[in-house]
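See structure below.
The values are calculated or read from the model by the stated rules, or taken from the named source; none is laboratory data. This is a predicted model, so every value here is computed, not measured. Using ideal geometry, Cβ is built from the backbone for each residue, glycine included, and neighbour counts are taken over all protein chains shown.
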Amino acid sequence: MRYFVTGGTGFVGSWVAKQLVDKGEEVVCLVRKTSNLRWLEDLPVKYHYGSLLDGDSLKEGIKDADYVLHIAGVTKALSIADFYRGNVEASRVIMDTILEVNPKIKRVVYVGSQAAVGPTPKGEMLDESCEMKPITDYGTSKMQSEQVVREYLDKLPITILRPPAVYGPRDTDVFEVFKSVKNRLNLKVGSGDPYVSIIHVHDLARGIIEAATHPKAAGETYFICNEDPCYWSEVVTTLEELMAKKVLNIPIPYPLAYGFGAIMEAGSRLTGKPSILNRQKIREVNAGNWVISSKKIREEMDYNTQLSLREGLKGTLEWYQKSGWL
């Protein structure tokens, strides 16, 4: 079968491409002339040069695809407009293109985000019926992108996935926690301990592929995550054990952290490069609980994650060390 993958040069998409190749599937990855192909260059995938904002550039890649996996998205940006273009407009363009040149496609998988839903009220676990209440520009753009995709549910066989925080080899975001533990220092926003859902990239990649082929998944939306949430402190303490480090935990008052986020934003505007640390990220951390239920995907697709938190962190740590990141 032929898979057309957006975001194949990125963290999640590159692992999806590898798993598809390992299964013997034909993979076509959407890339730009400026794309860094380091995660794909050793894989027998085909490159289709184009832009998610230019439907004409996508047609040749999509017209013969059996499946389209829309994984690409903007996770860091300097403005709301950048988030909107990269997530909302791009989703509209790819859906329109699929409908025009390949309306009989077997399945389209759209990878959204838990951020589109927002944080979880204390003591609760959100399911797919919850109201969407994003608290950041990124989350809002992912909510709007999902709303765009839903407009095509009666025309195309679409499955929507909403993963939470994703970690694993090649990730550069949660990687900052690994670096902090190595340096024996953990800066905490406030005095709370966020309770969160999480997923390893290998489990997410496998779930994306299974969602493309499962007969019950068409027209459905699923949270995809480890069955059991964890406190963020469990991530830190597990890494302490694995790295044989004792970390000094330093609570940073929310107003101070928020102010530092503003400084980082100002620096980003000067350099033209968005930073992972900004006021909206501080707001996410301070929100406390980000807990979602995997019950629906487990029951309807018989999908379960395979890596425990400790196994996933151990393998990720080994990859960072072997790759010279740590």
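Scan the range 126-147 for residues that are under 18 Å from Ala77 (Cβ atoms) and either outside any helix (DSSP H, G or I) or without any contact (Cβ under 8 Å) to a residue 24 or more places away in the chain (or both) and report the count.
Of all residues in the range 126-147, those under 18 Å from Ala77 (Cβ atoms) come to 134-146.
Pick out the ones that are also either outside any helix (DSSP H, G or I) or without any contact (Cβ under 8 Å) to a residue 24 or more places away in the chain (or both) and you get 134-136.
Residues flagged as under 18 Å from Ala77 (Cβ atoms) and either outside any helix (DSSP H, G or I) or without any contact (Cβ under 8 Å) to a residue 24 or more places away in the chain (or both) within the range 126-147 amount to 3.
Name the residue that is farthest from Thr238 (Cα to Cα), counting only residues in the range 175-217 that are in a helix (DSSP H, G or I) and among the small types (Gly, Ala, Ser). Step through it out loud before you land on a result.
First, the residues of the range 175-217 that are in a helix (DSSP H, G or I): 175-182, 201-213.
Okay, now just the ones that are also among the small types (Gly, Ala, Ser), so 180, 205, 207, 211-212.
Values: Ser180: 13, Ala205: 24, Gly207: 25, Ala211: 31, Ala212: 34 Å.
Looking at the filtered set, the residue picked out is Ala212.
What are the residues in the range 64-115 that are in a helix (DSSP H, G or I) and either modelled with pLDDT under 95 or within 26 Å of Gly261 (Cα to Cα) (or both), if any? If you could, list the steps in order and put the result at the bottom.
First pass over the range 64-115, keeping only residues in a helix (DSSP H, G or I): 80-101, 114-115.
The answer is Ile80, Ala81, Asp82, Phe83, Tyr84, Arg85, Gly86, Asn87, Val88, Gln114, Ala115.
In the range 32-91, how many residues are loosely packed, with under 14 Cβ neighbours inside 10 Å, within 27 Å of Lys106 (Cα to Cα) and in contact (Cβ under 8 Å) with a residue 24 or more places away in the chain?
2
(1) at pLDDT 95 or above; (2) among the charged types (D, E, K, R); (3) touching a helix residue (DSSP H, G or I) at 6+ places or on another chain (Cβ under 9 Å); (4) assigned to a helix (DSSP H, G or I): which one isn't true of Glu227, the others all being true?
(4)
Six or more apart or on different chains, Cβ atoms under 9 Å: show the pairs whose first residue is in the range 171-191 and within 17 Å of Gly261 (Cβ to Cβ) and at pLDDT below 90 and whose second is part of a strand (DSSP E or B) and among the β-branched types (Val, Ile, Thr).
What qualifies is Leu187/Ile250; Leu187/Ile252; Lys188/Ile250; Lys188/Ile252; Val189/Ile252; Gly190/Ile252.
Take the residues of the range 1-31 that are part of a loop (DSSP other than H, G, I, E, B) and of a type outside the set (A, V, I, L, M, F, W, C): which is surrounded by the most Cβ atoms within 10 Å (Cβ to Cβ)?
Filtering first and then ranking leaves Gly8.
Restricting to the range 286-302, what's the tally of residues that are modelled with pLDDT of 80 or more and either part of a helix (DSSP H, G or I) or over 20 Å from the mean Cα position of the chain (by Cα) (or both)?
Looking only at that region, the number is 8.
Collect the residues in the range 263-279 that are in a helix (DSSP H, G or I), surrounded by 15 or more Cβ atoms within 10 Å (Cβ to Cβ) and touching a residue at least 24 places away in the same chain (Cβ under 8 Å), keeping them in residue-number order. First the steps, then the outcome.
Step one: of the range 263-279, the residues in a helix (DSSP H, G or I) are 263-271, 279.
Restricting the remaining residues to those that are surrounded by 15 or more Cβ atoms within 10 Å (Cβ to Cβ) gives 264-265, 268, 279.
Answer for the range 263-279, where residues must be in a helix (DSSP H, G or I), surrounded by 15 or more Cβ atoms within 10 Å (Cβ to Cβ) and touching a residue at least 24 places away in the same chain (Cβ under 8 Å): just Ser268.
Could you please tell me which pairs satisfy a Cβ distance under 8 Å, a separation of 6+ or placement on different chains, a first residue in the range 208-221 that is at positive phi, and a second residue that is surrounded by fewer than 19 Cβ atoms within 10 Å (Cβ to Cβ)?
Qualifying pairs under 8 Å: Gly219/Leu153; Gly219/Pro157.
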